[in-house]
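First up is the structure itself, then whatever we jot down about it.
The values are calculated or read from the model by the stated rules, or taken from the named source; none is laboratory data. Just so we're clear, the structure is a prediction, and the values are computed from it rather than from any experiment. Cβ atoms come from the backbone with ideal geometry, glycine included; neighbour counts cover every protein chain shown.
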Amino acid sequence: MKKLWNQYSYAITLIILSCLFAFIFSFQHHTNEQDQFVKVTISEGDTLWGISNQYAKLHSFSNEEFVSWVKKHNENINDQIFPGEEIIIPINRIDSSLTTELASAPGE
């Protein structure tokens with residue numbers, strides 16, 4: 001084993017460091033590109049479709065995809081939403097004028 005280490009120590013060290021850096025950079029890239037989430041409180045007359053349109057510049061989903069995502073990632077959300085409920089919605093970037101509370105999606 002010592003002979004193997006002496007003969008290939010540079011290669012082994014290079015491979016280990018390469019794997020370590022690849023892991024670190026992929027993790028950092030993933031968190032930067034990962035969607036962020038905003039907690040929205042439902043008001044009277046709000047619909048998921050309307051919320052999708054309201055935040056359209058902040059997400060990259062179609063209205064159908066947005067509604068499906070919200071239903072999947074929020075508990076007890078089906079076809080109806082009610083005033084006072086809080087839901088989590090995905091956004092790709094944060095608008096500086098956005099004053100809602102940031103949160104992470106439940107279960108992720």
query = Which one is surrounded by the most Cβ atoms within 10 Å (Cβ to Cβ) among residues in the stretch 47-61 that are hydrophobic (A, V, I, L, M, F, W, C) and under 15 Å from Ile87 (Cα atoms)?
reply = Leu48
request  = Could you please find all residues in the stretch 73-90 being free of Cβ contacts under 8 Å to residues at least 40 places away in the same chain, in a loop (DSSP other than H, G, I, E, B) and surrounded by 10 or more Cβ atoms within 10 Å (Cβ to Cβ)?
outcome  = Asn74, Ile77, Ile81
request  = Return yes or no: is Gln36 at pLDDT below 90, in contact with a strand residue (DSSP E or B) (Cβ under 8 Å, 6 or more places away or on another chain) and not hydrophobic (A, V, I, L, M, F, W, C)?
outcome  = yes
message = If I filter the stretch 66-108 down to residues being under 13 Å from Ile42 (Cβ atoms) and in contact with a helix residue (DSSP H, G or I) (Cβ under 8 Å, 6 or more places away or on another chain), which single residue comes out as modelled with the lowest pLDDT?
response = Ile77
inquiry  = Conditions first: (1) part of a helix (DSSP H, G or I); (2) at pLDDT 85 or above; (3) of a type in the set (Gly, Ala, Ser). Ser26 passes all but one, so which condition is the exception?
reply    = (2)
query = In the stretch 34-65, how many residues are in a loop (DSSP other than H, G, I, E, B) and of a type in the set (S, T, N, Q)?
reply = 5
